[in-house]
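Quick note: the coordinates plus some simple rules give every number you see, no bench work behind them. It should be emphasised that the depicted structure is a prediction, and the values quoted were computed from it without experimental measurement. All Cβ positions, even for glycine, are placed from backbone atoms using ideal geometry, and neighbour counts span all protein chains on display.
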Amino acid sequence: MPEIDNKLIPMMQDFGIDATDNQQIYDWIRDNNHPDTDQHFGMGLPWLMLDFPEWPHKEMLAEAKALDEQGLIPDYNSGNNIGWSAVALYGLSSDSTLPPEEYGYSSYKEAREAGALHWTEIADQCPITTKFFKEQFSYKRYNRIRFMKLAPGGIIRWHNDVPDNEDPTFDLGVVNIALNNPEHCFFNMGLWGNVPCKDGTMWLFGNNHYHMVKNNSNETRYHMIASGTPDETVWADITANSWRRQWWGEFVDWDSANEKYVRID
């Protein structure tokens, strides 16, 4: 374990992970699988901010606002929540924003085999967003893609997304995307703290963990959530490189000239 500025910094190899193997890092972080399960647990992170290549979040935000102005983002999962709305870009239909089990299918697999999952009727109204997910996001197939709106003063109360009678897997199974994130709008993960989201950021998210959101601003918040099957030839590199730059709050590298680990600022 190297010492940097009088502080011990655990490295990936201290956890039995090959720091040069992007696929191994990806499996450990996103899928919560460790190559040596007899000696180590999975990672179980609540989130990982992503260094995703440049993407048109401002144009996508404009499309989300246009949908909202037309009244096309209806209330979602209201219950005790306040000001939470959603619409599906990909799924069973634009207003079918819950998992397929809520609409008579046993799973995404069954819905997919029945030909029920598709780009919904709003896709033509947000062509930039649709093109992004079709051509740039690098997923082999999707389960759901949703716009998620939270009005000023809105609250998404404490919950997790573990189905009834199932144990949490603590994988980073979905991608959350902040088209905007107003100041004083907080995405809280309890003892983990607040996700450091801001306009134009995205992160792998472990929705098995309890979380809540409060919009204390006077501006509407627009996020998106995408789930499905990523192309690992692309996403392993994105995930591993993002993780290296965030490891324990330090980006460290080996200085061969001085034979020691150093922090990269």
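Look at the alpha carbon pairs under 8 Å that are at least 6 residues apart: their mean separation over the length of the stretch 81-178 gives a relative contact order of 41 percent. Size estimate for the stretch 60-150 follows the Kirkwood approach: the inverse of mean 1/r over distinct Cα pairs works out to 13.7 Å.
Taking GluC sites (Glu not before Pro) across the stretch 50-133, the ones in a DSSP loop with at most 16 further Cβ atoms lying within 10 angstrom of their Cβ are GLU54, GLU121. Taking the Cβ of VAL213 as the center, what net charge do the other residues with Cβ under 12 Å away carry, scoring Lys and Arg +1 and Asp and Glu -1? Once positives and negatives cancel, what remains is +4. Along the stretch 88-103, what does the Karplus equation 6.51 cos²θ - 1.76 cosθ + 1.60 (θ = phi - 60°) give for ³J(HN,Hα), rounded to whole Hz, x for Gly and Pro? Each residue's phi maps through the Karplus curve to give 9, 7, 9, x, 6, 6, 4, 9, 9, 9, 8, x, x, 4, 7, 10 Hz.
Here the 3J(HN,Hα) profile of the stretch 210-219, calculated from phi with Karplus coefficients 6.51, -1.76 and 1.60 at θ = phi - 60°, is 5, 8, 8, 9, 9, 9, 8, 9, 9, 10 Hz, Gly and Pro shown as x. Along the stretch 30-38 the Karplus relation, 6.51 cos²θ - 1.76 cosθ + 1.60 evaluated at θ = phi - 60°, assigns HN-Hα couplings of 6, 9, 6, 10, 10, x, 10, 5, 6 Hz to successive residues, with x for each Gly and Pro.
If I build a Gaussian network model for the chain, linking alpha-carbon pairs within less than 10 angstrom, which residue out of GLY42, GLY115, GLY91 has the largest mean-square fluctuation? Maximum among the listed residues: GLY115.
Extension gain, ASP199-VAL234: 0.36 nm per intervening residue step, less the Cα-Cα distance, totals 10.3 nm.
Taking Cα pairs under 8 Å and at least six residues apart, what relative contact order does the chain come out at, in percent? Write down the numbers at each step before the final one.
Working: 516 pairs, mean separation 63.6, N = 265.
This gives 24 percent for the chain.
Out of ASP27, ASP124, ASP75, any idea which swings most in a Gaussian network model of the chain, alpha carbons joined below 10 Å? Looking only at ASP27, ASP124, ASP75, the biggest GNM fluctuation is shown by ASP124. Once the Cα atoms are used to define both axes, helix 57-69 deviates from the longest principal axis of the chain by about 30 degrees.
Amide H contacts of GLY173 (H built 1.01 Å from N, in plane; Pro and chain starts excluded): PHE205, ASN207 sit under 5 Å, all sequence-distant by 5 or more or on other chains.
When the helices in the chain are scored as -39500 (n - 2.57) per DSSP H run of 4 or longer and the sum is shared across all residues, what 222 nm value do you end up with, to the nearest 500 deg cm²/dmol? Walk me through the intermediate numbers first.
On the way: 5 runs with 45 residues, N = 265.
Mean residue ellipticity at 222 nm (helix-derived): -5000 deg cm²/dmol.
Mind jotting down the distance between the C-alpha centroids of the stretch 212-231 and the stretch 1-70, whole Å? After rounding, the separation between the Cα centres reads 18 Å. Legend: ranking of residues LYS198, LYS214 from fewest to most surrounding C-beta atoms inside 10 Å; resulting order LYS198, LYS214.
Is the shape of the stretch 47-230 rounded, prolate or oblate, going by the alpha carbon gyration tensor and its root eigenvalues a ≥ b ≥ c, with a/c under 1.5 for rounded and a/b larger than b/c for prolate? Please report the intermediate quantities before stating the final value.
On the way: a/c = 1.31, a/b = 1.10, b/c = 1.19.
Rounded shape, in that the Cα axes give a/c under 1.5.
Principal-axis analysis of the Cα atoms of the chain puts helix 232-244 at an angle of about 60° to the longest axis. For a quick check: with amide H placed at 1.01 Å from N, whose amide H comes under 5 Å from HIS159's, ignoring anything fewer than 5 positions away on the same chain? Long-range HN contacts for HIS159: HIS211. Close amide H partners of GLU121, meaning residues 5 or more places away or on another chain with modelled amide H under 5 Å apart, are SER94.
Each Lys or Arg adds one and each Asp or Glu takes one away; over the other residues whose Cβ falls under 12 Å from the Cβ of GLY173, this sums to -1.
Note down the relative contact order for the stretch 67-135 as a percent, whole number, built from C-alpha pairs under 8 angstrom at least six residues apart.
25 percent
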